[in-house]
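The values are calculated or read from the model by the stated rules, or taken from the named source; none is laboratory data. All figures in this text were calculated on a predicted structure; none of them were measured in a lab. Cβ: placed from backbone, ideal geometry, glycine included. Neighbour counts: every protein chain shown. Ligands, DNA and RNA are stripped out before the accessible areas are found, and what is left, the full protein with its side chains, is counted by its heavy atoms. Shrake-Rupley method; radii C 1.70, N 1.55, O 1.52, S 1.80 Å.
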Amino acid sequence: MTILVTGAAGTVGRHIVKQLVQQGKEVRAISRNPQQAKLPAGVQVLAGDLNEPDSLVPALQGVTALHVITSSDEAYGTLQTDPRIIELAEQAGVKRVTVLVGFEEGPVEAALRASGMEWTLLKPGEFMANILVDWRKSIRTEEVVREPFGHALSARIHEADIARVAVTALVEEGHHGQEYFLTGPEALSRREAVRIISEVTGKNIRFEELTEEQARDQWRVQGYDEESIEFFVQMGKNPPEIGYTVLPTVEQVTGRPAATLADWVSDHKEEL
């Protein structure tokens, strides 16, 4: 059984690769920059671009299962996966596919639903790993987090738990046609999240709440367009219920409870 992982060097993908290797599976990985991908020994890393599905044809040969991402988790990433990858995968004989769904389903998911392959859709809420993108710099330099909407709740999920669900669906029977909404085990406000980070790291990290206008100005400086900024504001003011409703899916699928934010911080102490 050879499993092909796209986005293999990304936030979730690297955990999928690591967990598959730990299970003794034969893993093939796709990366735009194979020489820069830091993956476990024994993983075959091939060049490929999901924007250009024909570039993945060699990597698909002999593959039994496939993990697909539809958008990049890198800042300003340009990935928009071409749905023809699903057709090429089926032609290559792939039997089972997992997809890490972005904010909403798109043409890749539609193509997969219409295919003859087994499929599982992974629909996680906010990643705990976003803390490194959004807060690491100010924590390391000033021991402060500046954010608006300090009481907005989120059931953040550890990226390794998303990977555990993906790996389970890739290697085990019984997950065809499932849409797994994935959360962590607790709904925390931004203030509460900062308090936990402070406690686990032993740093005296302050939370400074920005006004909406201060936040808008900050996002403009960071290069976001007005449409994105308006989205951020609405998500902060009125977060969707699904984003802060704790679900038991991780434990139901994998047999182990999802990690807490304190667990995640312990795993990333050196980066905060």
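Observations, loosely collected:
- With the charge dipole of the chain set up from +1 on Lys and Arg Cβ and -1 on Asp and Glu Cβ about the Cα centre, the Cα lying farthest toward the positive end among the listed residues 8, 152, 187 is that of 8.
- Helical contribution to [θ] at 222 nm, DSSP H n ≥ 4, -39,500 (n - 2.57), averaged over the chain, rounded to 500: -10500 deg cm²/dmol
- Portion, in percent, of the accessible area of the range 112-162 that falls on carbon or sulfur, probe 1.4 Å: 47
- Residue order for 227, 251, 212 - accessible surface, 1.4 angstrom probe, largest first: 227, 251, 212
- Magnitude of the charge dipole for the chain, about its Cα centre and with charges confined to Cβ atoms of Lys, Arg (+1) and Asp, Glu (-1), is about 840 debye.
- Computed FRET value (nearest 0.05) for residue 245 with residue 49, which takes r as the C-beta separation and R₀ as 22 Å: 0.05
- Given 14 as the ceiling on other Cβ atoms within 10 Å, longest exposed-site-free region of the chain for chymotrypsin sites (Phe, Trp or Tyr not before Pro) in DSSP loops: 104-272
- 12 Å beta-carbon shell around residue 5, net charge (K/R +1, D/E -1): +3
- Using the Cβ of residue 188 as centre and a radius below 15 Å, the other residues enclosed give a net charge of -3, where K and R count +1 and D and E count -1.
- Theoretical gain in end-to-end length, residue 33 to residue 231 [0.36 nm per residue, Cα-Cα removed]: 68.1 nm
- Summing charges over all other residues whose Cβ lies under 13 Å from the Cβ of residue 167, with Lys and Arg as +1 and Asp and Glu as -1, gives +3.
- Helix 226-237 axis, angle to the chain major axis (alpha carbon atoms, nearest 10°): 70
- Under a 5 Å amide H cut-off, with hydrogens placed 1.01 Å from N, residue 206 pairs with 144, 145 among residues at least 5 apart or on other chains.
- The range 172-272: trypsin sites (Lys or Arg not before Pro) in DSSP coil with no more than 12 other Cβ atoms inside 10 Å: none
- Of the residues 235, 117, the one with the largest accessible area comes first in the ranking 235, 117, computed with a 1.4 Å probe on protein heavy atoms.
- Candidate lysines for bridging to residue 38, where Cα separation is under 17 Å - those fewer than 8 sequence places away on the same chain excluded: 18
- Net lengthening on full extension, residue 64/residue 179 (0.36 nm per residue, minus Cα-Cα): 39.3 nm
- Helix axis angle, 212-221 relative to the chain longest principal axis, alpha carbon, degrees: 50
- Prolate/oblate/rounded label for the range 180-220 (Cα gyration tensor, a/c 1.5): oblate
- Remark: the Cα gyration tensor places the range 1-82 in the oblate category, a/c being 1.5 or greater and a/b not exceeding b/c.
- Set of aspartates and glutamates with alpha-carbon distance to residue 95 below 20 Å, sequence-local pairs under 8 removed: 26, 54, 82, 87, 109, 118, 172, 173, 179
- When the chain is treated as a GNM with alpha-carbon contacts under 10 Å, the residue of 65, 166, 114 showing the greatest mean-square fluctuation is 114.
- Residues 25, 18, 123, ordered by accessible area of protein heavy atoms at a 1.4 angstrom probe radius and largest first, appear as 18, 25, 123.
- Dimensions of the chain from C-alpha coordinates, computed as largest minus smallest value along each principal axis and given longest first, are 53, 38, 36 Å.
- For the cross-link pairs 123/269; 25/137; 137/237, the ones whose C-alpha atoms lie over 29 Å apart are 25/137.
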